[in-house]
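The values are calculated or read from the model by the stated rules, or taken from the named source; none is laboratory data. All values derive from a computational prediction rather than experimental measurement. Here Cβ is always computed from backbone atoms with ideal geometry, including for glycine, and neighbour counts include all displayed protein chains. Quick note on the areas: whole protein, heavy atoms, side chains included, nothing else; ligands and nucleic acids left out. Shrake-Rupley method; radii C 1.70, N 1.55, O 1.52, S 1.80 Å.
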Amino acid sequence: MHTLYHGIENIVGNVLMLRATDVGYGDLAEVTFGEDSSLAQVIQLDGDQVYLQIFSGSRGVPTDATVRFLGHGLQVPFSEDLLGRIFDGSGRPRDGRPELDATPVGVAGPSVNPDQRIIPRKMVRTGIPMIDVFNTLVQSQKLPIFSVAGEPYNPLLARIALQAEVDVIVLGGMGLKYDDYLFFRETLEEAGSLSRTVMYVHTAADPTVECLFVPDLCLAVAEKFALENKEVLVLLTDMTNYADAMKEIAITMEKIPSNRGYPGDLYSQLAARYEKAVDFESAGSITILAATTMPGDDVTHPVPDNTGYITEGQFYLRNGRIEPFGSLSRLKQFVNDKTRADHRKIMDRMIQLYAGFRSTEEKRSMGFRMTEYDRKLVKFGDLFEKRLMDLRVTLHLEDALDACWQILADCFEADECGMPSELIKEFWPTERSEVRSKNP
Amino acid sequence: MMKVVGEEGTAMPDFVQYLKAEFLDEVYLQQDAFHDVDGASSADRQKHVFSVIHGIMTTPLTFKTRDNARQEFLRWQQIAKDWNRIPMEKPEFKTTEEKLVHAVEQHRSTGEEN
């Protein structure tokens with residue numbers, strides 16, 4: 001019943017234009033030319049003019065190619081067998097194994113009805129103290145990792161993929177360097193975590209359009225898993241590449257560029273993806289962590305700027321650490337009163353003292369004499385950085401809280417650390433670590 | 001000013017003044033918004049706490065060394081912060097208040113002897 005169309009009126013970049021009727025926005029089409037064929041998607045309709053974005057790129061596509069509309073939008077096969085598999089940006093296997101034979105589900109549908117959602121109430125344990133203790137990640141939260149290029153955001157995401165206490169990890173790579181793709185694959189394989197992971201990876205060498213599908217594929221699959229009672233963590237890297245791909249396509253479409261050449265609907269496009277994060281009343285949840293690189297460490301860049309209005313906080317990755325001052329999880333207060341009695345207080349106090357350490361550092365760099373209290377602050381700051389902020393540190397939340405107390409006890413007297421006396425009674429370590437290491 | 005001349009360049013009475021200001025900020029102006037008691041205090045409580053803090057602010061205090069002064073103030077801060085977290089109707093409210101006033105008073109009387 002499908003009509004075959006011949007004759008493409010024009011080709012600009014990866015966008016083909018032809019005249020056709022009964023075509024829906026977002027529908028897929030198969031473009032056949034000679035022995036080759038490629039999928040394409042309707043991205044604009046203007047009367048009977050249909051604009052198709054061709055996935056494999058328009059190189060070699062003649063104007064007499066045949067176009068067949070499939071009558072549905074982008075779909076992705078879904079079943080439990082997805083776990084352990086790696087696909088590319090258009091859903092083809094990248095791991096050399098056969099295509100998945102399962103019921104296709106639609107991609108990029110609407111986000112979940114607010115009526116089905118619950119107020120977030122469960123934390124996601126990641127084993128990274130700067131997240132678990134200081135800016136707790138909460139199920140259904142959407143958080144970006146703002147990072148300067150060159151910071152270890154991919155190794156951080158890989159560690160979260162290994163350690164996070166969730167059922168399913170969906171990893172979406174956009175414009176990844178091939179090395180980074182191999183790094184993710186090998187790290188997950190070695191740790192045996194690939195079996196709970198699905199990866200959709202677009203590398204920098206793949207056609208730009210495929211980059212645009214990665215978040216949608218990831219989130220569609222995540223939603224299906226969540227509906228099957230799974231707690232799902234979606235890791236996306238890097239959303240700036242995604243926005244750049246949108247920019248590239250928008251410019252070939254001759255859309256009027258907005259701020260710094262990005263399409264005017266950048267905010268809506270990003271929001272449509274982030275808003276997929278959800279905690280279902282009677283099923284699982286989707287949590288999103290997305291690396292967003294800031295060109296030149298510029299938070300006013302349109303991508304981090306718009307992202308900041310959508311997400312529930314942000315992590316700043318700077319100098320190889322999760323920066324304690326700019327980073328914020330806006331949902332942490334929903335969960336950190338249910339973990340351990342000292343969690344909130346120690347979180348506040350450690351950061352206050354660390355701020356004290358920073359101003360003491362400033363004082364020291366100006367050449368002022370260090371007082372006794374200053375020396376304690378300096379020791380505190382060094383221990384904090386070494387035992388907790390270092391990204392290689394892996395600690396369970398409770399161990400990390402104990403480590404915080406140990407740092408306080410190593411640097412201060414109990415009555416000058418500023419913690420409530422009743423918590424001191426319960427948690428103050430009996431020995432300093434120097435003493436402890438001498439008497440094992 | 002202390003940023004420019006450093007603690008060692010600040011005269012003792014000025015330094016004590018600075019610590020008092022820091023004390024007022026830490027224990028009266030700041031609150032723990034997530035604590036049930038400290039998060040919302042009644043006007044009566046605020047007036048009462050202020051009168052006690054005001055008493056401490058106006059008490060003349062002397063110290064032998066700056067380190068000693070800072071240490072004392074940190075101790076009092078600890079007591080005052082505990083006090084902020086106790087409901088006003090509990091008996092501990094009164095005892096902690098007395099503990100704070102007593103600690104300052106004790107220092108004042110022994111401090112004067114030196």
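Identify all residues within the stretch A:9-22 that are under 21 Å from A:HIS72 (Cα atoms) and of a type in the set (A, V, I, L, M); write none if there are none.
Once the filter is applied, which keeps residues that are under 21 Å from A:HIS72 (Cα atoms) and of a type in the set (A, V, I, L, M), the stretch A:9-22 yields A:VAL15, A:LEU16, A:MET17, A:LEU18, A:ALA20.
Kindly check whether there is at least one residue in the stretch A:283-292 that is free of Cβ contacts under 8 Å to residues at least 12 places away in the same chain and of a type outside the set (Lys, Arg).
No; the residues of the stretch A:283-292 include none that is free of Cβ contacts under 8 Å to residues at least 12 places away in the same chain and of a type outside the set (Lys, Arg).
Looking at the stretch A:277-299, is at least one residue within 13 Å of the chain's Cα centre (by Cα), of a type in the set (D, E, K, R) and assigned by TED's automatic domain parsing to the domain that holds A:PRO207?
No: zero hits.
Got a sec? Which helices (runs of 4 or more DSSP H) wholly within the stretch B:1-95 have at least 1 residues that are surrounded by 12 or more Cβ atoms within 10 Å (Cβ to Cβ), among the aromatic types (Phe, Trp, Tyr) and within 15 Å of the chain's Cα centre (by Cα)?
B:12-24, B:43-58, B:66-84
Output the residues belonging to the stretch B:1-51 that are within 12 Å of chain A (Cβ to nearest Cβ), over 30 Å from A:ALA341 (Cβ atoms) and of a type in the set (Phe, Trp, Tyr).
B:PHE15
Scan the stretch A:410-430 for residues that are assigned to a helix (DSSP H, G or I) and either without any contact (Cβ under 8 Å) to a residue 12 or more places away in the chain or within 18 Å of A:ILE351 (Cβ to Cβ) (or both) and jot them down.
A:ASP410, A:CYS411, A:ASP415, A:GLU416, A:SER421, A:GLU422, A:LEU423, A:ILE424, A:LYS425, A:PHE427
Quick check, is A:ARG117 closer than 16 Å to A:VAL170 by Cα, open to solvent by 30 Å² or more (accessible area, probe 1.4 Å) and touching a strand residue (DSSP E or B) at 6+ places or on another chain (Cβ under 6 Å)?
no
What pairs come up if the first residue lies in the stretch B:52-75 and is within 14 Å of chain A (Cβ to nearest Cβ), the second is of a type in the set (S, T, N, Q), and their beta carbons are under 6 Å apart, counting only those six or more places apart or on different chains?
B:ASP67/A:THR371
If we keep just the residues of the stretch A:367-392 that are away from every other protein chain (no Cβ under 14 Å) and open to solvent by 30 Å² or more (accessible area, probe 1.4 Å), which is farthest from A:MET347 (Cα to Cα)?
Among those residues, the one meeting the criterion is A:ARG392.
Quick check on A:ARG432: is it out of contact with any strand residue (DSSP E or B) (no Cβ under 6 Å at 6 or more places or on another chain), away from chain B (no Cβ under 14 Å) and open to solvent by 70 Å² or more (accessible area, probe 1.4 Å)?
Yes.
Any idea how many residues of the stretch A:177-216 are open to solvent by less than 10 Å² (accessible area, probe 1.4 Å) and of a type in the set (A, V, I, L, M)?
Count: 6.
Counting only residues that are open to solvent by 30 Å² or more (accessible area, probe 1.4 Å) and either farther than 26 Å from A:ILE407 by Cβ or in a helix (DSSP H, G or I) (or both), how many does the stretch A:123-163 have?
Going through the stretch A:123-163 one residue at a time, the tally reaches 8.
Anything in the stretch A:341-364 that is surrounded by fewer than 17 Cβ atoms within 10 Å (Cβ to Cβ), touching a residue at least 12 places away in the same chain (Cβ under 8 Å) and charged (D, E, K, R)? List them, or say none.
A:ARG358, A:GLU361, A:ARG364
Tell me, which strands (runs of 3 or more DSSP E) lie completely within the stretch A:221-329 with 3 or more residues that are open to solvent by 10 Å² or more (accessible area, probe 1.4 Å)?
Because the criterion is at least 3 residues that are open to solvent by 10 Å² or more (accessible area, probe 1.4 Å), the strands (runs of 3 or more DSSP E) in the stretch A:221-329 that meet it are A:313-318.
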